[in-house]
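Just so it is clear, none of the values below were taken in a lab; they were calculated from the coordinates. Note that the coordinates shown come from a computational prediction; the quantities given were computed from them, not determined experimentally. Methodologically, a virtual Cβ is constructed for each residue, glycine included, from the backbone with ideal geometry; neighbour enumeration extends over all protein chains shown.
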Amino acid sequence: MSENRYDLSFLKRISGEDQAFIIDMLDTFRNTAPGIVDKMELFARRKKYEALSREAHRFIPGVTFLGVKDLEKDLIDIEENAKNLENLEKLPELLISVRKNVDSLIQCFIDDFNLGSC
């Protein structure tokens, strides 16, 4: 496994170890996650905190399925801070961390599962 820590045991369990299903889920993440992060960054720049909170909330289950605990925690922090209008000064740092984790995770999937480049 690559540097970024992920755990596919949940996906394996729900798919009955169906490798094609797992690859499809990883490929879907690869194709959708960057756009989600783009939206989150835009909402933060425009100070649309309610929209930012909702977008983070919607992204969490997809990350949870992949067992990426640090990314999941950052998204929960973004969701809660934006929703409650608390610690807003931490949002830029959290979003940078989310972007780096998503990019790294996608590269791990490309490397580990031979997904090919985007």
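Brief remarks follow.
- A simple spin-label model places pseudo-atoms 7 Å from Cα toward Cβ; at THR64 and ASP112 they are separated by 2.0 nm.
- Taking the range 9-113 and dividing mean pair separation by its residue count, relative contact order in percent (alpha carbons under 8 Å, at least six apart): 28
- Note on the chain: with charges restricted to the Cβ of Lys and Arg (+1) and Asp and Glu (-1), its dipole about the Cα centre is near 400 debye.
- Residue-averaged 222 nm ellipticity for the chain, from DSSP H runs of 4+ at -39500 (n - 2.57), nearest 500: -26000 deg cm²/dmol
- Taking the number of Cβ atoms within 10 Å of each Cβ as an exposure proxy, the fewest-first ranking of MET40, MET25 is MET25, MET40.
- Per-residue Cβ neighbour rank within 10 angstrom, fewest leading, LEU8, LEU105: LEU8, LEU105
- Its residues counted as N, the range 1-54 yields a C-alpha radius of gyration over 2.2 N^0.38 Å of 1.52.
- Note on the chain: Cα-only Rg and Dmax are 14.5, 43 Å.
- A convex hull fitted to the Cα coordinates of the range 17-86 yields 71 cubic angstrom per residue.
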